1. Express the relative contact order of the chain as a whole percentage, based on alpha carbon pairs under 8 Å and six or more residues apart in sequence.
2. Accessible area, 1.4 Å probe, largest first: how do 125, 11 sort?
3. Where the centre of each part is set by its Cα atoms, how far does the range 76-150 sit from the range 37-72, in angstrom?
4. Might you work out the accessible area of residue 169 for me, using a 1.4 Å probe with all protein chains in place, and round it to the nearest 10 Å²?
5. Compute the FRET efficiency between residue 145 and residue 94 as 1/(1 + (r/R0)^6), taking r as their Cβ-Cβ distance and R0 = 35 Å, and round to the nearest 0.05.
6. Add -39500 (n - 2.57) for each DSSP H run of 4 or more in the chain, then divide by its residues: what number comes out at 222 nm, to the nearest 500 deg cm²/dmol?
7. PRE reach from residue 138 (point 7 Å along Cα→Cβ): which of the range 2-44 fall under 15 Å by backbone N?
8. In degrees, nearest 10, range 0 to 90: what is the angle between the Cα axis of helix 58-81 and the longest Cα principal axis of the chain?
Amino acid sequence: MDLRYPLGKFEAPELFNDKLRKTWIHDIRKAPTAVKRAIEGLSDNKLDTPYRTEGWTIRQVIHHMADSHMNSFIRFKLALTEDNPTIKPYHEDRWALLPDTNTAPVSLSLSLLEGLHKRWVILLESLTDEDFKRTFYHPDLGEVTLDTALALYAWHSKHHTAHITSLRLRMGW
Ligand code: NI
């Protein structure tokens, strides 16, 4: 198994409907609790263990989720208020090396995710079919619909949580 992709790589869906969107919004809603549960009882020492050789530590994974989801939330808001706005990609690997990500207490990002995902869900639940078809322009990926972004971040939430749960399983923690 490729330890980088415990749930497999993201595959952009070809079909979007209310039922699928509800499932993805549910994943976004549950993510902060799921990740909190995933690290329950882990010492600081264990939080600083890479989930794979050369990979991010659990601490970095959690702070990365907050970094990534804050960016995504802002992209949703940009797409809803502007016409196909060009968004700003960032170097997530470099961000993960900054001290707020590398060494800060994970509780900070758990609180961030909790508040952020609550607001994200309020926003997502307000969107119409037409809204989900709105787009932003990603300089590396091209035009991305909010439908695809929603599916991607539902996957992303579970993907990183699985890095932690699969490490614990392998380590017998
Ligand atoms: Ni990620």
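1. Once normalised by length, the contact order is 39 percent.
2. From most accessible down to least: 11, 125.
3. That distance is 19 Å.
4. 150 Å²
5. After rounding to 0.05, the efficiency reads 0.80.
6. -20000 deg cm²/dmol
7. Label zone hits: 9-14.
8. Compared with the principal axis, the helix lies near 10 degrees.
The values are calculated or read from the model by the stated rules, or taken from the named source; none is laboratory data. Keep in mind the model is a prediction, meaning the values are calculated, not measured. Here the Cβ is made from the backbone with ideal geometry for all residues, glycine too, and neighbour counts use every protein chain on show. We work out accessible area using only protein heavy atoms, side chains counted, and drop any ligands, DNA or RNA first. Shrake-Rupley method; radii C 1.70, N 1.55, O 1.52, S 1.80 Å.
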